[in-house]
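The structure appears right after this line, and notes come after that.
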Amino acid sequence: MKNTIKTLVALCALAMVLSIVQSCENDVPENSEETNAIEVTTKATEYSSELSFDESSVLSLDGFFASVPNGKLIQEHLQLAVGSGKDAEERYLWSLHRLRDQKNLAESIAMLYQKIPDQNYLYRTMLIETLKELRTEEALEFLYEIASLNIPRDTAPENPEIDTRLDEIIIRITAVEGLGILAKNKNEVAEKMLFRLTTHEDLTVRQMATRNYLQSPLGNVEEKMEMLYERLPKNEHWYITTKATDIRKVEHPDMPEEFEIKLNETKETPKIR
């Protein structure tokens with residue numbers, strides 16, 4: 001009897017979904033561009049602008065987005081950036097194109113980044129990623145400001161499931177990549193910024209800055225490499241190169257025939273930051 005009831009409920013639900021889908025198809029606007037805009041906006045608003053850190057703590061960011069120019073467009077773009085589905089990439093690229101048409105958008109993203117709490121690493125990274133993908137000279141100063149900041153200590157060293165220092169490094173190298181894109185487009189200011197970042201206190205940032213600096217088409221590569229040899233310590237000269245590493249030629253350590261797998265006995269739910 002219970003199985004029969006469940007089947008009837010499922011059939012009713014399916015009929016309702018099909019009815020809604022058909023209704024939506026009949027209401028599609030004739031203008032394809034308008035249709036795309038409506039679909040993107042609708043899809044974006046389906047996502048919540050809340051991040052759950054644990055079961056008892058929820059951080060709402062709606063107020064931060066509302067406080068800056070073009071905040072709603074930025075919010076929708078970030079939500080689409082984590083979307084899924086067969087047309088997710090198309091929606092994301094359309095949204096990115098829409099952002100590039102806005103004036104002073106880099107300034108709005110910078111303002112928003114400064115407002116969002118430090119512990120909100122996901123949104124901070126996504127904002128810098130968006131700033132990188134805008135590929136605009138307006139973002140130069142802010143990208144450099146973010147990339148040049150020192151890496152703070154891990155705020156939760158007792159928690160093996162998270163590493164806030166690594167989160168901060170990801171934000172820094174994303175900013176460096178943004179400068180690298182502009183330098184590849186022959187932006188001299190961006191190239192000079194990358195050169196300055198080759199002495200950053202963090203090794204990962206130094207490596208990323210060095211690679212992007214050497215990939216810039218400006219200047220003579222051999223001369224730039226010589227400058228880096230003088231600038232960096234000898235034990236770091238190994239990454240001063242324009243050649244990509246062939247992983248097949250990298251010496252790998254001997255692996256044991258059997259692995260001892262230790263089960264994690266903790267009963268705590270992993271936290272997302």
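Please treat every number below as a calculation from the coordinates, not as lab data. From a predicted model like this one, the values you see are computed outputs, not experimental measurements. Please note: Cβ atoms are built from the backbone with ideal geometry, for glycine as well, and neighbour counts cover all protein chains shown.
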Arranged by the count of other C-beta atoms within 10 angstrom, fewest first, what order do 153, 91 take? 153, 91
Please work out the Cα center distance from segment 127-150 to segment 65-84, rounded to the nearest Å. 17 Å
Which order results if 254, 202 are arranged by neighbouring Cβ count within 10 Å, fewest first? 254, 202
Stretch residue 166-residue 185 to full length: gain in nm at 0.36 nm per residue minus the Cα-Cα span? 3.9 nm
For a 18 Å ceiling on Cα separation, which of these pairs sit above it: 115/192; 186/243; 192/224; 132/186; 132/224; 184/234? 115/192; 186/243; 132/224; 184/234
